[in-house]
Amino acid sequence: MTEEKGWDPQEEFQLIFKQEEYRNRLAQLAIDGKTSLAVKFADVMRSSAALAEALLNYPVRFLEYAKNAAGGQLLNEAPDYAPNITIRIYDLFQPTPLRGIGAAQLGKMIMINGIVVRASFGKPRVLNACFQCKRCGTRQMLAQADSSAVMLKTP
């Protein structure tokens, strides 16, 4: 979806963040020194169905609009506090079953229900390695494209 001429998604989010509930939450963020704002999906839907649909289909782009709008409103509520805000959308109307996640959901915003039973850090994989000669300082870049690429040890 491309933004229609005359439609500003950031303005739509600003209307949401100007509501008393979100103004209070943004002010509380500054008091608590936090950077994450939770936004209920129903509030986005109530404000604009087009914005809600765009958010579901293009979350990266539209979360950026939300972040900018919240940052602008936060400057009004607490001008001395200017963190890098993270917007978290919660309580989508329909959860997606874990087994129902497929290619159609790539790049889309979905909600899943579950219980985290274990968490671990991902293991970074070297994709490009740079080797430097200790004598002359010459550097050589080597792509590590095969599946047996060098694995970095995580701390």
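Just checking the listed ones, 79, 59, 124: in the Gaussian network model of the chain with Cα springs under 10 Å, the one fluctuating most is 124.
Per residue, the chain exposes 73 Å² of accessible surface when a 1.4 Å probe is rolled over the protein heavy atoms with every protein chain present.
Nonpolar atom fraction for segment 90-134, defined as the carbon and sulfur part of the 1.4 Å probe accessible area, stands at 59 percent. When the Debye formula is applied to the Cα atoms of segment 5-155, each taken as the same point scatterer, what base-10 log of I(q)/I(0) results at q = 0.12 Å⁻¹? Listed by q, the Debye log ratios stand at -0.73.
Within the listed set 131, 121, 41, the Gaussian network model of the chain (springs between alpha-carbon atoms below 10 Å) gives the highest mean-square fluctuation for 131. Between 75, 127, 55, find the one with the highest GNM mean-square fluctuation for the chain; connect C-alpha pairs within less than 10 Å. The residue with the greatest mean-square fluctuation here is 127.
Just check segment 71-142 against the gyration tensor rule for me: Cα atoms, a ≥ b ≥ c as the square roots of the eigenvalues, rounded for a/c under 1.5, and otherwise prolate or oblate depending on whether a/b exceeds b/c. Oblate, since a/c reaches 1.5 and b/c is not below a/b.
With contributions of -39500 (n - 2.57) from each DSSP H run of at least four residues, the per-residue ellipticity at 222 nm computed over the chain stands at -11500 deg cm²/dmol.
Counted over the chain, the DSSP beta bridges are approximately 55% antiparallel. Could you compute the FRET efficiency for residue 142 and residue 15, with r as their C-beta to C-beta distance and R0 at 41 Å, rounded to 0.05? Approximately 0.20, to the nearest 0.05.
The values are calculated or read from the model by the stated rules, or taken from the named source; none is laboratory data. If you're wondering where the values come from, they're calculated on a predicted model, not measured in any experiment. FYI the Cβ positions are ideal-geometry reconstructions off the backbone, even for glycines, and counts take in every protein chain you see. Protein only, heavy atoms only, side chains kept; ligands, DNA and RNA dropped before computing areas. Shrake-Rupley method; radii C 1.70, N 1.55, O 1.52, S 1.80 Å.
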